[in-house]
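Taking it in order: structure first as structure tokens, then the write-up.
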């Protein structure tokens with residue numbers, strides 16, 4: 001194992017604080033919720049580590065059918081949005097170019113708006129224009145602030161959460177799993193070791209698609225490893241063909257993590273089991289990960305947190321700094337040079 005990188009202790013600290021971040025964000029969101037304008041549907045927008053919070057709540061909200069709810073990472077609003085659609089823009093820094101663009105477009109179209117941010121130009125504009133702003137603590141990498149972002153958004157829109165799954169209880173349940181999750185001989189550390197040197201795949205049932213994206217993103221950002229994710233049952237109609245013809249010598253180079261919800265329906269359990277069976281026939285290393293906490297919200301957040309910790313163990317194994325993001329820094333500089341605009345920050 002390599003020596004710890006300079007940014008590693010800070011990232012481990014922030015990741016460990018996920019349950020408390022959920023509580024802090026929730027309190028901030030609840031304080032602002034009463035000032036929301038009347039609305040019908042909901043459109044959630046964010047990029048990078050900010051956007052994943054919107055994807056999580058949209059997935060939960062769609063299951064509740066309390067409001068038409070959609071999450072997007074596209075820097076423009078659909079023309080078909082109804083005039084009473086609430087546009088909630090998430091930008092941790094408050095200076096993300098795409099978030100500022102969507103916020104301004106929603107204003108031009110007269111759509112009701114709300115913000116979740118730690119500051120920046122977005123917060124300044126929102127407050128000066130009387131737009132509700134959920135202000136969360138700044139000074140952290142966005143991907144290490146998911147608890148604040150999701151908690152703040154959920155507090156702002158609590159009707160999108162599953163009935164009976166209150167944030168305080170969920171946060172407490174997650175805390176009870178913390179020691180096992182971060183243990184050197186725990187499941188996250190073990191999975192990270194067994195994945196060493198392999199091509200990483202995360203496969204999830206469709207309702208957990210945002211969690212699959214989160215696993216991929218954090219393996220790429222924290223551990224600097226290319227990763228892939230796909231959804232079930234869709235992959236059984238395309239990717240399974242490629243796995244079926246995988247040369248024997250390639251099998252040990254792969255590593256597939258199958259994520260499952262605690263209460264998956266029978267057809268989903270069959271699909272996951274079938275996929276595992278077919279992969280194992282080809283000697284592909286496979287691990288199934290299920291949440292230890294019941295409930296839709298708690299299970300989604302636990303699986304997400306598990307993946308965050310796996311990515312940090314992988315970063316430590318490789319000796320890379322999970323905070324350093326050279327590729328994104330170069331991209332921002334290139335965009336600034338080509339457009340003359342202020343560098344966007346996600």
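Annotation note: Cβ proximity below 6 Å between a residue of the stretch 163-191 that is within 21 Å of residue 285 (Cβ to Cβ) and a residue that is outside any helix (DSSP H, G or I) (sequence gap 6+ or interchain) occurs for 191/287. Just one of (1) surrounded by 15 or more Cβ atoms within 10 Å (Cβ to Cβ); (2) in contact with a strand residue (DSSP E or B) (Cβ under 7 Å, 6 or more places away or on another chain); (3) farther than 30 Å from residue 65 by Cα fails for residue 140. It is (2). Here residue 120 meets the list (1) over 30 Å from residue 286 (Cα atoms); (2) surrounded by 21 or more Cβ atoms within 10 Å (Cβ to Cβ); (3) more than 17 Å from the chain's Cα centre (by Cα) almost entirely, failing just condition (2). Exactly one residue among 27, 34, 16 is within 14 Å of residue 154 (Cβ to Cβ) and either touching a helix residue (DSSP H, G or I) at 6+ places or on another chain (Cβ under 9 Å) or not assigned by TED's automatic domain parsing to the domain that holds residue 313 (or both), and that residue is 27. Within the stretch 237-276, the residues that satisfy the criterion of being closer than 24 Å to residue 310 by Cβ, assigned to a helix (DSSP H, G or I) and out of contact with any strand residue (DSSP E or B) (no Cβ under 7 Å at 6 or more places or on another chain) are 243, 250, 251, 252, 269, 273.
Of the residues making up the stretch 294-322, just one is part of a loop (DSSP other than H, G, I, E, B) and crowded, with 20+ Cβ neighbours inside 10 Å, namely 322.
Looking only at the stretch 215-231, residues that are closer than 19 Å to residue 72 by Cα and assigned to a strand (DSSP E or B) come to 3 in all. From the list 94, 48, 110, the one residue that fits, being in contact with a strand residue (DSSP E or B) (Cβ under 8 Å, 6 or more places away or on another chain) and at positive phi, is 94.
Rundown of residues vs (1) farther than 23 Å from residue 72 by Cα; (2) surrounded by 15 or more Cβ atoms within 10 Å (Cβ to Cβ), yes/no style:
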site	(1), (2)
197	yes, no
213	no, yes
233	no, yes
239	yes, yes
245	yes, no
248	yes, no
260	yes, yes
275	yes, yes
279	yes, yes
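Elements of the type helices (runs of 4 or more DSSP H) sitting completely within the stretch 77-173 and holding at least 3 residues that are farther than 28 Å from residue 311 by Cα: these cover 97-108, 120-128. The residues on offer are 63, 58, and the sole one that is surrounded by fewer than 17 Cβ atoms within 10 Å (Cβ to Cβ) and more than 17 Å from residue 138 (Cα to Cα) is 63. Kindly provide the set of residues from the stretch 277-293 that are within 21 Å of residue 200 (Cβ to Cβ) and not in a strand (DSSP E or B), ordered by number. Correct list: 277, 278, 279, 280, 281, 282, 283, 284, 285, 290, 291.
The values are calculated or read from the model by the stated rules, or taken from the named source; none is laboratory data. Computed from a predicted structure; not experimentally measured. FYI the Cβ positions are ideal-geometry reconstructions off the backbone, even for glycines, and counts take in every protein chain you see.
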